[in-house]
Amino acid sequence: MGVEQIYKAVIEGNMPGVEAGVKQALEDKTPAETILKEGLIAPMDEVGRRFEAGEYYVPEMLIAARAMKAGIALLRPILAETGVEPVGKVIMGTVSGDLHDIGKNLVGLMLEGAGFLVVDVGTDVSPQAFVEAVKKEQPQLLGMSALLTTTMPNAGETVKALKEAGLKDSVKVMIGGAPVTQGFADQIGADGFAEDAARAVRQAKALLGLS
Ligand code: B1M
């Protein structure tokens, strides 16, 4: 079974098919990153296209996302195995009003793979909850994911709340998500932006002076 079957199983929302496909691909020594990018991330673009075209509705999108997450769960230990001291601490969360978590989880996973200690604060995280998490965890980096144009301004509200709490100078802020751009990041005063999970790792390292 190849990566194409995993791709197809994600689109069909076939969770057992995705799990079997990922296990088989790993046994066949397919690199975990190839499985992730070509088998699990790529089909979500197609799911998004079908949703936009009115061919898929929310339930189809949801079962595809669940199937994809089951595949990611199997890859997690492999992508994250570095066995070294964390290079930095990152808080990751999705902004207030937004329940999308696949991109956030992927970015977190890739950061873990690059040696960061990731504290995931979940989805629908209010500016105040981000502030509390920064106070408690004292990370070097705060990562926010935003997928909805309606709620992405809440990333800006979080930056404001960090400033008001006197915490903005102690933590770098990185944002990302499908509708987010470098221009938006600049506008809200975020320190960094990344288009995808691989670039997020590079950006995180650059922001912390690690590369
Ligand atoms: Co929703 N959804 N969704 N959805 N969904 C989108 C985002 C949408 C673009 C679909 C569309 O219309 N074409 C659209 C938003 C439109 C807009 O705002 N302009 C949309 C909508 C409208 C909605 C609802 C409102 C639908 C409804 O109920 N009527 C609703 C909102 C619920 C809510 O949040 N309050 C909703 C619900 C859902 C599901 C629950 C069904 C499901 C989410 C399941 C889950 O996450 N657990 C879902 C899904 C799956 C999608 C699409 C199809 C796929 C999103 C995804 O996971 N992509 C999406 C269409 C699309 O994006 N093509 C869509 C794969 C993921 C790997 O990519 O998250 O972009 P992404 O992350 C990337 C990069 O953006 C970047 O790296 C990641 C990896 O490369 N990145 C970062 C992300 N975060 C980063 C952080 C960083 C750096 C980089 O630094 C910290």
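The values are calculated or read from the model by the stated rules, or taken from the named source; none is laboratory data. Please read all numbers here as calculations on a predicted model, not as lab measurements. No Cβ is skipped: glycine too gets one built from the backbone with ideal geometry, and neighbour counts run over all protein chains shown.
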What residue, of 143, 177, is in contact (Cβ under 8 Å) with a residue 60 or more places away in the chain and at positive phi?
177
Among (1) within 18 Å of residue 192 (Cβ to Cβ); (2) surrounded by fewer than 16 Cβ atoms within 10 Å (Cβ to Cβ); (3) within 19 Å of the chain's Cα centre (by Cα), the one test that residue 163 misses
(3)
Only one of (1) among the β-branched types (Val, Ile, Thr); (2) more than 9 Å from the ligand (Cβ to nearest atom); (3) at pLDDT 95 or above; (4) buried (at least 19 other Cβ atoms within 10 Å of the Cβ) fails for residue 119. Which number is that?
(4)
Quick check on my filter: what residues within segment 87-118 are within 8 Å of the chain's Cα centre (by Cα) and of a type in the set (D, E, K, R)?
101, 104
Do we find a residue being among the hydrophobic types (A, V, I, L, M, F, W, C) and touching a Leu at 6+ places or on another chain (Cβ under 7 Å) anywhere in segment 136-156?
yes
How many residues, within segment 103-121, are among the aliphatic types (A, V, I, L, M), touching a Leu at 6+ places or on another chain (Cβ under 9 Å) and part of a helix (DSSP H, G or I)?
4
Of all residues in segment 6-60 being at pLDDT 90 or above and basic (Lys, Arg), which is farthest from the chain's Cα centre (by Cα)?
29
Looking at segment 154-172, is at least one residue near the ligand (Cβ under 9 Å from one of its atoms) and not in a loop (DSSP other than H, G, I, E, B)?
no
So, in segment 139-153, how many residues would count as being near the ligand (Cβ under 6 Å from one of its atoms), surrounded by 16 or more Cβ atoms within 10 Å (Cβ to Cβ) and in a loop (DSSP other than H, G, I, E, B)?
2
Would you confirm whether or not segment 52-67 contains a residue that is in contact with a Lys or Arg (Cβ under 7 Å, 6 or more places away or on another chain), under 26 Å from residue 156 (Cβ atoms) and within 13 Å of the ligand (Cβ to nearest atom)?
no
